[in-house]
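> This structure is in structure tokens; I'll ask about it shortly.
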Amino acid sequence: MSITNESELAGMQKASEAVAYTLKEMINYAQPGMTTKELDEFGAKILSDFGAKSAPYLTYGFPGWTCISVDNEFCHGIPTEERILKEGDLINIDVSAELDGFWADNGGSFIIGKDINQHQKLVDASKFILEKAISNIKGGVKISDIGFLMESEAKKRGFKVIKNLGGHGIGRSLHEQPDELMNYKNRFDNRRFKKNSVVAIETFISTSSNLAVELNDGWAMIGNNGGYMAQHEHTIVVTDGKPIILTEMNGILN
């Protein structure tokens, strides 16, 4: 969507606050020994207290309120009673929701407890790349140039990017134009970011895979060459200068 007045901006801020606060609280709540279902139910209660509805559930009938992916799962992990969080696990939580007709999306990867499996370098790279990408986005900037920046920064650190996952426009529904905001330079993509548009910018930084493939459950995805992936995501408003980070409250870049 494009922000055309103050009430639209306020609506987006409210929806973004709901998802950002939920993500932040879920990250703080997660601990070894907990099931992903328990963590999901905790997040669902916070969204409900805001009056917000789970976007993946509303849009796709996803079997959970949030996506919680653990270790070799890259994204769209289904919260279950069977999946128990362990010390050193790499976790990704993605929270998106609708509130009063406005939609917002955010996510973050983090490590439970001590970094016994050496995932921190990957997590830090993903955070740095998201921050750098956002700081370079403004009206008129080529979408593919931001993709190039993201892939270049990943390569510098010895990582790859996932080429079949990307960010997207958002606002009046979960996925809008511009779609396919990729983490690499698509030389056939001549689109540019438009001032006042709302987009969800996300990283997909991986250790050894460049594609995500779906598991038999029809939702969760893993890497085509295995390994691990970190994702960080903010919903932003594009401006003439520095973007407005609507989900800044989640603290994922701290």
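> Please compute, for the alpha-carbon atoms of the range 182-231, the extent along each of the three principal axes and give them in descending order in Å.
39, 22, 19
> Here's something else I'd like to know. Loop-only chymotrypsin sites (Phe, Trp or Tyr not before Pro) in the range 133-238, please: DSSP not H, G, I, E or B, and at most 16 other Cβ atoms within 10 Å.
Numbers: sites: Phe148, Phe159, Tyr184, Phe188, Phe193, Phe204, Trp219, Tyr228; in loops: Phe159, Tyr184, Phe188, Phe193, Phe204, Trp219, Tyr228.
Answer by residue number: Phe188.
> In the range 99-183, what trypsin sites (Lys or Arg not before Pro) fall in a loop by DSSP, with at most 13 other Cβ atoms inside 10 Å? All intermediate terms of the calculation are to be shown ahead of the outcome.
Values: sites: Lys114, Lys121, Lys127, Lys132, Lys138, Lys142, Lys155, Lys156, Arg157, Lys160, Lys163, Arg172; in loops: Lys114, Lys138, Arg157, Lys163, Arg172.
Counting only loop positions with at most 13 other Cβ atoms within 10 Å, the trypsin sites (Lys or Arg not before Pro) in the range 99-183 are Lys114.
> For Lys53, which aspartates and glutamates qualify as cross-link partners when the Cα separation must be under 15 Å and same-chain residues fewer than eight apart are set aside?
Lys53 reaches Glu17, Asp40, Glu41, Asp94, Glu98, Asp100, Asp105.
> Take the chain, mark every one of the GluC sites (Glu not before Pro) that falls in a DSSP loop and has at most 15 other Cβ within 10 Å, then report the longest stretch left between them, sites excluded.
Working: sites that count: Glu81, Glu82, Glu87.
For GluC sites (Glu not before Pro) (loop position, at most 15 other Cβ atoms within 10 Å), the longest site-free span of the chain is 88-254.
> Continuing with this model, one more query. Could you give me the percent of Cα pairs per 10 Å distance bin for the range 13-126, shortest bin first, beginning at zero and ending with the bin that holds the maximum distance?
It works out to 15, 49, 29, 7, 0, in whole percents.
> Still on this structure, please answer the following. If I take the Cα coordinates of the range 213-254 and project them onto the principal axes, what are the three extents in Å, biggest first?
42, 21, 17
> Placing +1 at every Lys and Arg Cβ and -1 at every Asp and Glu Cβ, with all other atoms neutral, what dipole size does the chain have around its Cα centre, in debye to the nearest 20? Write out the running numbers ahead of the final one.
Numbers: 26 positive and 34 negative charges, 227 e Å.
The calculated dipole for the chain is roughly 1100 debye.
> Would you calculate, for the chain, the mean residue ellipticity at 222 nm contributed by helices, counting each DSSP H stretch of 4 or more residues as -39,500 (n - 2.57) and dividing by all residues, to the nearest 500? Numbers along the way, then the final one.
On the way: 5 runs with 75 residues, N = 254.
After summing the helix terms and dividing by residue count, I get -9500 deg cm²/dmol.
> Here is a further query. If only Cα atoms are counted, what is the Rg of the range 159-254, and what is its Dmax, in Å?
Values for the range 159-254 (Cα only, Rg and Dmax): 14.6, 44 Å.
> Out of the total accessible area of the range 8-112 (probe 1.4 Å, heavy atoms of protein only), what percent is carbon and sulfur? Present the calculation step by step, with values, prior to reporting the outcome.
Values: 2000 of 3880 Å².
Accessible surface attributable to carbon and sulfur in the range 8-112 totals 52 percent.
> Express in % the proportion of alpha carbon pairs of the chain at distances exceeding 30 Å. Spell out each step's value before the answer.
Numbers: 6309 of 32131 pairs.
Everything past 30 Å amounts to 20 percent.
> Then there is this: Under 21 Å between alpha carbons, and skipping anything fewer than 8 positions from Lys127 in its own chain: which lysines qualify?
Once the sequence-local lysines are set aside, what remains near Lys127 is Lys24, Lys114, Lys138, Lys155, Lys156, Lys160, Lys163, Lys185, Lys242.
> If I stretch the segment between Ile84 and Lys195 completely, what's the gain in nm (0.36 nm per residue apart, minus their alpha carbon distance), one decimal? Mind dumping the intermediate values first?
Values: separation 111, 0.36 × 111 = 39.96 nm, distance 4.34 nm.
Using 0.36 nm per residue and subtracting the Cα-Cα distance, I get 35.6 nm.
> Also, I was wondering about something else. Counting Lys and Arg as +1 and Asp and Glu as -1, what is the net charge of the other residues whose Cβ lies under 12 Å from the Cβ of Gly140? Spell out each step's value before the answer.
Values: positive: Lys138, Lys142, Arg191, Arg192, Lys194, Lys195; negative: Asp145, Asp240.
Charge balance in the 12 Å sphere: +4.
> Same structure, new question: Based only on the alpha carbon positions, what is the Kirkwood hydrodynamic radius of the range 1-66, in angstrom? Don't skip to the answer; put the middle values down first.
Numbers: mean 1/r = 0.0768 Å⁻¹.
It works out to 13.0 Å.
> Send over a whole-number figure in Å² for the accessible area per residue of the chain, probe 1.4 Å.
Working: 11040 Å² over 254 residues.
Here the per-residue accessible area is 43 Å².
> Now, a different point. Could you check how much of the accessible area of the range 119-253 is carbon and sulfur, as a whole percent, using a 1.4 Å probe?
Values: 2910 of 5930 Å².
Percent of accessible area from carbon and sulfur atoms in the range 119-253: 49.
> What trypsin sites (Lys or Arg not before Pro) does the range 33-88 have in DSSP loop regions with at most 16 other beta carbons within 10 Å? Please report the intermediate quantities before stating the final value.
Working: sites: Lys37, Lys45, Lys53, Arg83, Lys86; in loops: Arg83, Lys86.
In loop regions of the range 33-88 (DSSP not H, G, I, E or B), the sparsely surrounded trypsin sites (Lys or Arg not before Pro) are Lys86.
> Right, here's the next one. About its Cα centre, what dipole magnitude does the range 1-102 give when the only charges are +1 on Lys and Arg Cβ and -1 on Asp and Glu Cβ, stated in debye to the nearest 20? Before the final figure, lay out each step's value.
Details: 7 positive and 17 negative charges, 11 e Å.
With only Lys, Arg, Asp and Glu charged at Cβ, the dipole is about 60 debye.
> Placing +1 on the Cβ of each Lys and Arg and -1 on the Cβ of each Asp and Glu in the chain, which of Asn183, Ala230, Leu85 has its Cα farthest towards the positive end of the resulting dipole?
Asn183
> State the Cα centre-to-centre distance between the range 113-177 and the range 228-248 in whole Å.
That distance is 10 Å.
> If you don't mind, another one. Magnitude of the Cβ-charge dipole of the range 46-167, K/R +1 and D/E -1, about the Cα centre, nearest 20 debye?
Numbers: 14 positive and 17 negative charges, 138 e Å.
Magnitude of the dipole: close to 660 debye.
> Here's something else I'd like to know. With the alpha-carbon atoms as the only input, what is the per residue convex hull volume for the range 149-211 in Å³? Numbers along the way, then the final one.
On the way: hull volume 5.4 nm³, N = 63.
In the range 149-211, the Cα hull volume divided by residue count equals 86 Å³.
The values are calculated or read from the model by the stated rules, or taken from the named source; none is laboratory data. What you see is a predicted model; the values in this text were computed from it and never measured. As a convention, Cβ positions derive from the backbone with ideal geometry for all residues, glycine included, and neighbour counts pool all protein chains shown. Note: areas computed on protein heavy atoms with side chains; ligands, DNA, RNA excluded. Shrake-Rupley method; radii C 1.70, N 1.55, O 1.52, S 1.80 Å.
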